[in-house]
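For reference, the structure is listed below as structure tokens.
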Amino acid sequence: MSGGRRRGWAPAGASLLLAVPSAANLAGGPGWIWTPWLPPPLLDLLARAGLLDAWLVTDLLAASGVLGAAGVAAHVAGERTAGALLLAAVSAISLTAAVIGGGWFSAWYGAAYAAALMLLRTSGRPRPPALDAAAAD
């Protein structure tokens, strides 16, 4: 199996992983996945710094799957570091929100983004020649 053909499934698989929690969120009407579980002092700090609107938009972009799509698109375009940082950030924030009270929905997002990141990161690594030779047999 050639390296190019083998890698072609990774973006599709990652996209599917990211689409499932977003579809579930959008089915009930779009909602935030992080903001309701932020401690009030942190929300107050965001508001005083003038960043609350940007935070809310970012939260909705993550919830709707736009940030996941952007991460996969960056990976496909060869911007692997940017794609990895985007997916890792959404995963980390989602898992943190789950730990502080966000429950299973935030955890689901965090796990999906982490799995997609691992899938994309491992798909870009070349296989050792011995494995390519064994696959050709």
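All of the numbers you see were taken from the coordinates with simple rules; none came from a lab. These numbers were taken from a predicted model, which means no experiment stands behind them. Positions of Cβ are generated from backbone atoms using ideal geometry, with glycine treated the same way; all protein chains shown enter the neighbour counts.
What distance in nm lies between label points placed 7 Å from Cα along the C-beta direction at Leu42 and Ala19?
Those two pseudo-labels are separated by 3.1 nm.
Could you sort 112-118, 78-84, 50-56 so that the peptide with the highest average Cβ count within 10 Å comes first and the rest follow in order?
Details: 112-118: 21.7, 78-84: 15.0, 50-56: 12.6.
By packing density, highest mean first, the sequence is 112-118, 78-84, 50-56.
How large is ³J(HN,Hα), in whole Hz, for each residue of the range 50-67 in order, when computed from phi with the Karplus curve 6.51 cos²θ - 1.76 cosθ + 1.60 and θ = phi - 60°, using x for Gly and Pro?
x, 10, 5, 4, 5, 4, 5, 5, 4, 4, 5, 5, 5, 4, 8, x, 5, 5
Stokes-Einstein diffusion coefficient for the range 74-115 at 37 °C in a medium of 0.692 mPa s, Rh from the Kirkwood formula over Cα pairs: what value in µm²/s?
Numbers: Rh = 10.3 Å.
Translational D for this selection: 317 µm²/s.
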